[in-house]
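Notes for the one structure printed next.
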Amino acid sequence: MNRPTKKITAARWISEHCGFVELSRDWNSSDLPPLFSTLDEKPLRELRRSSPLLFAEKSGYFVEEDIIVFTVFPDHYPNIELENHVLYVVGDFNDWGNVEGENHWKLQPIEVDGQKRLELKAPRKRCYGRKWAQFKFVTDDGQWLEALADAPNIGYDQQGNRNFRIHPHQTGRHLFTFTRSHREGFDGGGGILWREENYEEASDLAQGDYFQQAGTDLELGAIVGKNRTVFRLFAPRATGATVSIYKDLQNMNRSKVLAMERVDTTTWETVFPLNLHGYYYHYNLEDSHGQKHTGIDPGCDILDPYALAAVGPGGPGIVWDRFLIDQPANDFVPPTREDLVIMEAHVRDLAARAPIDLDERERLGFSGLRKWVESEDFYAASLGVNTLELQPVQQYDIGDAAFYQWGYMPVNYFAPHAGYASFPERGSQIREFQDLVAACHAKGLAVVLDVVYNHTGEPNHLGHIDKRYFFELDSKGEFFNWSGTGNTLRCDSPMARRLIIESLTHLLEVYNVDGFRFDLAELIGLESLREIETALKKVRPTVILIAEPWSFRGHVAQKLKATGYSSWNDGFRNFMRQYLKGRGDLEGIQYYLAGSPGHLTSFPAQTVNYVESHDDRCWLDDITENSGHNGSDPTYMDRRRTHLMVAILMSSLGIPMISAGQDMLRSKGGVQNTYLRGDLNALDYDRMLRFPGTHDYFRNWILFRLSAKGRAFRLPSAPCKEYFRFWHTAGSSALVALYNADGSFGRERILFAVNPHDEEVAIKLDGIALKKWTLLADHERFVETGLDTALFRCEEGILHLPAMSCGLWVE
């Protein structure tokens, strides 16, 4: 006997009192389908056929008789400004071809009852028959709209691309809505029952998109008053909550357990009649209704997302009275964006081998780095950079203080990492990190923090509060891994966005940091990034905002042109590694020297130019002539390419960023991923003595860029096309560039030349009398007052650039 075909595909709530049921096939009968509630086994209340737009909102289409209506709701694609683009549908039915300009595949904008969408009506027979057909939407400039993660009709092609599928038997007539009158909060159980003679089928009732808009305005965390402490936690689907409080970490079994009560539909609270500053605490939650994808485990101790300090990644949190935190002096003014010169570094990499007297514990964290910063010879300050971009310092998932990690697996966004503290159980990390930032400011260094709001580490405390609310999940409740680290935070849910903004505000106000670099910012989303910018600039108008604008899902750099963010420029990085091996092109070097105009930036300081960061191989290991990508003993040509690199980096409009140790010709022995390798990442300051010429070359280029003479490299706004003048010779990517050729930014003009090839290049300089210019630097030397020996040969207006050379002149 054949088993009956499954009747119900899915069921979920679309508001607090309204749900919908999706059947496996269109329902063409005039009678209603036999659907009941599993709670009371009564027919679903006010069951009726749904608008087909409810289906189209997720699936991208619905069918009206012989017409298929392709539909896009712009709100689902906030990272693409659809109002500024023409949108087309492509798929199996038009061979996935180039349809630009073909109106019969173009969607048109419409607005009904204030709701905007794009639609295309096409004959059904033109698009599909009895079989599935896959399709996707694409903009006129080639941006593909990814099929929604929770679309009911996802399909994959042979290359693994996720597409929409047209189901011949699901056209929009397979959806029904219903209401239920008694429902409190989000913790109601129950499901849907299909019941007919000789057949019965049950389906769970999941939370819908409306659930992701739940939130509270109540203050959260452990809130200390004069004679009481309030514990408050957002946990929308928990059916019970407790907080455990204890003073002795060695006797946690003697903790006091307090039951918490709901104070609104999403939030739990209890009040203890004592100031508990310095006590430890954790939460436990229950889900007696067995709801899907809550992640709630009664045996799991949860670290408060709003804990201001923690003993370790698993907690417990430390109750901390905000009024006992010293407020830092706010008299440091960071450089303007165009004046930034950034060094990316890790707390331990800087402190581990610092050439000063430190004990073993100090070399692990904040206090040791603070002493190194305060010393007369602190490396970053003596090199001349003015901004230190620290890899993550928020509490991450490593509990053993001796164990090294980069820190990109956060478990709490308010608490400084306990492993960097001298006495984490006492909350010393709060004062120690404050002191580190203050020491940097005293040295003239702005502090930018690398922050990770696209995913979380383990223990995944947010995932145990409500997995479905805080994370991007597929239809089976599994994490989407667009971050490449196991999960993806749902940053557009109100309480996730609030957590992000309030923790960043806390870092600004309590620690006085100067800005943030957002890891995998594409996953945070354009709308959330804009809200973050607005909120933080109200607190600190000078805040520095930098985005790593990509993820495994997409790239958002072009969309950030209309914001106050600067973006890491991976194009610059990739181009430079090819250009300095003689494989770049003339258009590319002109584009990057000019600050990546048009495509990536609306003004130069929106690009952060770099060739090395913590990820992947370091610069030297990537370009070395040695085997195995091991640059430990660099060749003559390795060193020369590094000199040309920093010359181009400092001469390019935008914000230059170096990775700590590049000036010492740092190598990681050819290892590509060193996120756990403190032995390889710790700076070997002896290399500064081994390669003093390269270190000094970096330092002088930085000093010149920040000087009055280097102003032509640091533009506060976009230059006109006449700002640059370029000279080159046929068949070569070598060039000479004149900055401020039109005099639009003052009197200072700069001439820069570079030849990345292994043979001499001759370039004719029309309109330039080089005798009236002073050569300050070549590929080996940099003298502020000018070089007076071994100068470049220039005869009859023709400049001869030796192989692998560069030069810098001022008038």
Worksheet entry | Meets criteria (within 28 Å of the chain's Cα centre (by Cα), closer than 30 Å to Gln212 by Cα, aromatic (Phe, Trp, Tyr) and open to solvent by less than 80 Å² (accessible area, probe 1.4 Å)) for Phe70 | no
The residue from Val63, Val99, Val89, Val21 that alone is part of a loop (DSSP other than H, G, I, E, B), under 41 Å from the mean Cα position of the chain (by Cα) and surrounded by 17 or more Cβ atoms within 10 Å (Cβ to Cβ) is Val99
Exercise. Any residue at all in segment 67-76 that is assigned to a helix (DSSP H, G or I), more than 24 Å from Ser493 (Cα to Cα) and either among the polar types (S, T, N, Q) or in contact with a Ser or Thr (Cβ under 9 Å, 6 or more places away or on another chain) (or both)?
Worked result: no
Taking segment 282-334 and keeping only residues that are among the hydroxyl-bearing types (Ser, Thr, Tyr) and within 26 Å of the chain's Cα centre (by Cα), one is left with Thr294, Tyr306
Looking at the structure I just gave you, is Leu462 in contact with a strand residue (DSSP E or B) (Cβ under 8 Å, 6 or more places away or on another chain) and either in a helix (DSSP H, G or I) or surrounded by fewer than 23 Cβ atoms within 10 Å (Cβ to Cβ) (or both)? yes
Within segment 477-486, is even one residue within 21 Å of Leu303 (Cα to Cα) and open to solvent by less than 40 Å² (accessible area, probe 1.4 Å)?
yes
_Condition met for Lys561 (over 22 Å from Thr729 (Cα atoms), in contact (Cβ under 8 Å) with a residue 24 or more places away in the chain and open to solvent by 50 Å² or more (accessible area, probe 1.4 Å))_ = yes
Considering residues that are open to solvent by 10 Å² or more (accessible area, probe 1.4 Å), part of a helix (DSSP H, G or I) and not basic (Lys, Arg), the number found within segment 632-654 is 2
Among helices (runs of 4 or more DSSP H) entirely inside segment 655-717, those with 3 or more residues being out of contact with any helix residue (DSSP H, G or I) (no Cβ under 7 Å at 6 or more places or on another chain) are 686-690, 692-705
Reported set for segment 277-310 where residues are of a type outside the set (Gly, Ala, Ser), assigned to a loop (DSSP other than H, G, I, E, B) and surrounded by fewer than 22 Cβ atoms within 10 Å (Cβ to Cβ) is His277, Asp287, His289, Lys292, His293, Asp297, Pro298, Cys300, Asp301
Ile546 meets each of (1) open to solvent by less than 30 Å² (accessible area, probe 1.4 Å); (2) assigned to a helix (DSSP H, G or I) with one exception, condition (2)
By residue number, the members of segment 768-789 that are more than 44 Å from the chain's Cα centre (by Cα), closer than 15 Å to Leu751 by Cβ and open to solvent by 30 Å² or more (accessible area, probe 1.4 Å) are Ala769, Lys771, Lys772
The residue that is surrounded by the most Cβ atoms within 10 Å (Cβ to Cβ), considering only those in segment 720-736 that are modelled with pLDDT of 95 or more and under 19 Å from Ala605 (Cβ atoms), is Tyr723
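The values are calculated or read from the model by the stated rules, or taken from the named source; none is laboratory data. Remember, it's a predicted structure, so these values are computed and weren't measured experimentally. Every residue, glycine among them, receives a Cβ derived from its backbone with ideal geometry; neighbour counts consider all protein chains shown. For the accessible areas, the whole protein counts, side chains as well, though only heavy atoms, and no ligand, DNA or RNA atoms are used. Shrake-Rupley method; radii C 1.70, N 1.55, O 1.52, S 1.80 Å.
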